[in-house]
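The values are calculated or read from the model by the stated rules, or taken from the named source; none is laboratory data. Not measured: the values here are computed from a predicted model. Cβ placement follows ideal geometry from the backbone for every residue including glycine, while neighbour counts extend to all protein chains displayed.
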């Protein structure tokens, strides 16, 4: 049975809000969510033998799925079969949910339309998480205990979505909307948690990593706007004030009674393995593993999204610079994990394919980071663009990266390269599970 949960993405533990029920445990979880009514789509539901749901069986089926919940009337079931645009996006992405099968459509789906639906779903989820972050930021100074609970709930929601077994894809979102502070916090948290998952962190450590990464910059809440983001033209006084955000963050974290691992992230996210970081200049041996993860991801995001857009690096350039020029500043295992996670052409990178066509990397599967999924500029298409999964086209490869300004006008209009980079994640569909490469890819310029 294909159900729709009328709850925010953070209010339940499932990877998606619309999915097919495949296990009794899923029904038990739904019963504890406090819903009085669960919507479902008969046309997306199947019987245990894989056959279509019988016509006229809607009401009984809904009652069975909801247990003691109120079953929708046949008319309501008809409404459920026609969800709104948001639910349609979730339904189109439902194949990403672990264990969620797919009913073979009568008409071949449009890959680009499906990709856009998945992207809209991720953007909605990211915006919901950003709203939760802004709420906790408002609570930090005056309601530290409530801020801790809000942050813990947000971290737990993100961690729970990553707990199921299976491949996870990293995707670049549309141009970030809203304030920069929440976008940066979510970027760092999402990539840190994905990296922690890949490095095999236990769930309790992932929760502390989530807390620390979400709150790593809360010390900036006390700073004037002009010094909240690092700039190369800081005066000595401004640089000192900026660096003070670490100590202020630790003080706020203690008021919030954060766990030790999260506090160390707040205190060490600007330390480096070679001892040249701040505020204490500790080396790798004295750094907490969670802090090492956040320090690397924070450095990566600051290169992609600096205070001045004129100084922004492409995701490929940022990863290459970290690997080739700053390797000694970061834990080697953590650095290798980030490269395996993002590939050498991370989402958001403009590339040139081996056949000369330009493209924008939109999505990377961690099990095959060298074969990303991208939007390709193709003049044979009505809108000038084509959705391409390089894992399904072995004859094609990425020749190299491009700067967005190297694109012609038509290519820029078709690909829409981002000025600022925002990331989120989604579970990979079962048919995306490809053999993992034995060796980690190496960014160009690192050899």
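Taking the criterion of being surrounded by fewer than 19 Cβ atoms within 10 Å (Cβ to Cβ), within 25 Å of the chain's Cα centre (by Cα), at pLDDT 95 or above and on the phi < 0 side of the Ramachandran plot, would at least one residue in segment 237-259 satisfy it? Scanning segment 237-259, I find at least one residue that is surrounded by fewer than 19 Cβ atoms within 10 Å (Cβ to Cβ), within 25 Å of the chain's Cα centre (by Cα), at pLDDT 95 or above and on the phi < 0 side of the Ramachandran plot, so the answer is yes. The residues of segment 28-49 that are in a loop (DSSP other than H, G, I, E, B) and touching a residue at least 40 places away in the same chain (Cβ under 8 Å), listed by number, are 41, 45.
Whether any residue in segment 390-405 is more than 15 Å from residue 320 (Cβ to Cβ), within 22 Å of the chain's Cα centre (by Cα), at pLDDT 95 or above and not assigned by TED's automatic domain parsing to the domain that holds residue 314 is what I want to check. The answer is yes; a qualifying residue exists. In the condition set (1) under 30 Å from residue 133 (Cβ atoms); (2) crowded, with 19+ Cβ neighbours inside 10 Å, residue 29 is compliant with all but (2). Within segment 398-432, the set of residues being assigned to a strand (DSSP E or B) and either buried (at least 21 other Cβ atoms within 10 Å of the Cβ) or touching a helix residue (DSSP H, G or I) at 6+ places or on another chain (Cβ under 7 Å) (or both) comprises 398, 401, 423, 424, 425, 426, 427. Exactly one residue out of 377, 393, 367 is free of Cβ contacts under 8 Å to residues at least 24 places away in the same chain and closer than 27 Å to residue 168 by Cα, and it is 393.
To keep it simple, each residue is scored yes or no on (1) touching a strand residue (DSSP E or B) at 6+ places or on another chain (Cβ under 8 Å); (2) without any contact (Cβ under 8 Å) to a residue 12 or more places away in the chain; (3) outside any helix (DSSP H, G or I); (4) not assigned by TED's automatic domain parsing to the domain that holds residue 6.
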site	(1), (2), (3), (4)
122	yes, no, no, yes
127	no, no, no, yes
133	no, no, no, yes
139	no, yes, no, yes
146	no, yes, no, yes
158	no, no, no, yes
184	no, no, no, yes
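Return a yes/no flag: does segment 160-170 have any residue that is outside the structural domain of residue 228 (by TED's automatic domain parsing), at pLDDT 95 or above and buried (at least 22 other Cβ atoms within 10 Å of the Cβ). Looking through segment 160-170, at least one residue is outside the structural domain of residue 228 (by TED's automatic domain parsing), at pLDDT 95 or above and buried (at least 22 other Cβ atoms within 10 Å of the Cβ).
Among the residues of this structure, residue 291 does not count as one that is in contact with a strand residue (DSSP E or B) (Cβ under 8 Å, 6 or more places away or on another chain) and surrounded by 23 or more Cβ atoms within 10 Å (Cβ to Cβ).
So which of 267, 277, 200 ends up being assigned by TED's automatic domain parsing to the domain that holds residue 290, free of Cβ contacts under 8 Å to residues at least 40 places away in the same chain and not in a helix (DSSP H, G or I)? Outline the logic, then answer.
Numbers: 267 fails: not in a helix (DSSP H, G or I); 277 fails: free of Cβ contacts under 8 Å to residues at least 40 places away in the same chain.
Within the list 267, 277, 200, the selection yields 200.
Name the single residue, out of those in segment 311-358 being in a helix (DSSP H, G or I) and touching a strand residue (DSSP E or B) at 6+ places or on another chain (Cβ under 9 Å), that is surrounded by the fewest Cβ atoms within 10 Å (Cβ to Cβ).
Taking the candidates together, the pick is 328.
Could you please find all residues in segment 164-182 being in contact with a helix residue (DSSP H, G or I) (Cβ under 9 Å, 6 or more places away or on another chain) and assigned to a helix (DSSP H, G or I)? Walk me through how you get there before you give the answer.
Step one: of segment 164-182, the residues in contact with a helix residue (DSSP H, G or I) (Cβ under 9 Å, 6 or more places away or on another chain) are 166-174, 176-179, 181-182.
Passing the criteria: 181, 182.
The residues on offer are 55, 60, and the sole one that is farther than 27 Å from residue 161 by Cβ, at pLDDT below 75, out of contact with any strand residue (DSSP E or B) (no Cβ under 9 Å at 6 or more places or on another chain) and surrounded by 11 or more Cβ atoms within 10 Å (Cβ to Cβ) is 60.
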